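Novice: I have a structure here, written as structure tokens, and I will follow up with some questions on it.
The values are calculated or read from the model by the stated rules, or taken from the named source; none is laboratory data. Please read these numbers as outputs of a predicted model, since none were measured by experiment. Heads up, the Cβs are rebuilt from the backbone with ideal geometry, glycines too, and the neighbour counts pull from every protein chain shown.
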Amino acid sequence: MVAVLNVGSATFKWKLFEDDGAEVQKNDGEDTKEEFYALLKEDHKFSVIAHRVVHGGVKYVEPAHISKGLIKYLREISYLAPLHNPPAIDVIEETLRIAPHAQHLADFDTGFFRDLPIYTKLYGLPYEWHKKYNIQRFGFHGLSHEYAAHEAAKQLNRPVKMLKLITVHLGAGSSVAAIAGGKPIDTSMGFTPLEGLMMATRSGDIDPAIILYLLKTHKLTVQEIDHALHKESGLKGIAGEEDMRTLLTRSDTRTLLALDMFIHRIRKYIGAYMAILGGLDAIVMTGAIGAGSEYIRNRVTVGLDIFGDFQFLKVETNEEKMIFQHIQPCIKK
């Protein structure tokens, strides 16, 4: 039996698979760590426990067996994914304690973007910084974007290597990817999961001079700015509420403004990626919001058909299945 754990910024999901890949059990996506730990203590049939890790830095992009050295490194770079890596590490350590007999593996959200073109991967910063400080575009939600691309190919009944796709993952965290021939050529998230679209509590793209202004002129601390950018911005910052399900029941001015900003950012990235791809077969909407809200999908895609003959698809993401497939070559038989 293989357990796949998916620790997100706002969810804790897990699925159980037979060794042949058949899905046998899952939770509902709510925070049920204790429920899973209890199951793990009772059932000693788990031979493999696989973990989604959002940021593996420059050292880890391929699935890997979990070791003390890997955990130590993930802790060292946790500030690059403060909403994701720390809770994922806590779950890894707890499952190691409860089930030391199992093989524990990590699969990384950045893996799908490891071969981004160099002109996409680098920022317009001093070239030496890229080498000295490992500053580059890592990209995130890779598991979801990869799954969405392959599922879109099935819906279109065409090989993924023949397609040009824009995949849009919308959830508590949100991102867009341009995919040609099954390979990503650009993505909205970058060095950290803070860049790109406006999200539930994250700001997305801002002018970096805003941070310097707040530091120098208004004397905010680094900690205050970091907290605001990650936990008090985005939908929550504008509307005072981060849950899209709640926002879609409201009609006050700030809520409507937040939704307009959220939609505008998505459409802007889609337009840019149409130009980069030089043609398009489909826009693929996934994630809890992307696949779950017809209202958001309609607002994102309205009018875009004037740019060509392509399809709008909805895909229920399955990051856990993607992880299961990725780790197969690593499992010690």
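Novice: Got a sec? Which of ALA200, ALA148, ALA172, ALA178 is part of a helix (DSSP H, G or I), touching a residue at least 40 places away in the same chain (Cβ under 8 Å) and not assigned by TED's automatic domain parsing to the domain that holds GLY8?
Specialist: Checking each option against the conditions leaves just ALA148.
Novice: If I filter segment 233-265 down to residues being part of a loop (DSSP other than H, G, I, E, B) and more than 21 Å from SER188 (Cβ to Cβ), which single residue comes out as nearest to the chain's Cα centre (by Cα)?
Specialist: ASP243
Novice: When only residues in segment 104-135 that are in contact (Cβ under 8 Å) with a residue 60 or more places away in the chain and crowded, with 17+ Cβ neighbours inside 10 Å count, which is farthest from HIS84 (Cα to Cα)?
Specialist: For segment 104-135, the residue satisfying everything is THR120.
Novice: Name the single residue that is nearest to the chain's Cα centre (by Cα) among those in segment 266-281 being of a type outside the set (A, V, I, L, M) and buried (at least 19 other Cβ atoms within 10 Å of the Cβ).
Specialist: TYR269
For every residue, the table says whether it meets (1) surrounded by 20 or more Cβ atoms within 10 Å (Cβ to Cβ); (2) over 19 Å from LEU122 (Cα atoms); (3) touching a strand residue (DSSP E or B) at 6+ places or on another chain (Cβ under 8 Å).
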position	(1), (2), (3)
ALA177	yes, no, yes
GLY182	no, yes, no
ASP205	no, no, no
THR217	no, yes, no
THR246	no, yes, no
ARG254	no, yes, no
ILE263	no, yes, no
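Novice: Are any of the residues in segment 269-283 part of a strand (DSSP E or B) and in the same structural domain as ILE179 (by TED's automatic domain parsing)?
Specialist: yes
Novice: Still on this structure, please answer the following. Out of all the residues in segment 65-106, which are touching a strand residue (DSSP E or B) at 6+ places or on another chain (Cβ under 6 Å) and either closer than 20 Å to HIS141 by Cα or of a type outside the set (A, V, I, L, M, F, W, C) (or both)?
Specialist: HIS65, PRO87, ALA88, VAL91, ILE92, THR95, GLN103, HIS104, LEU105, ALA106
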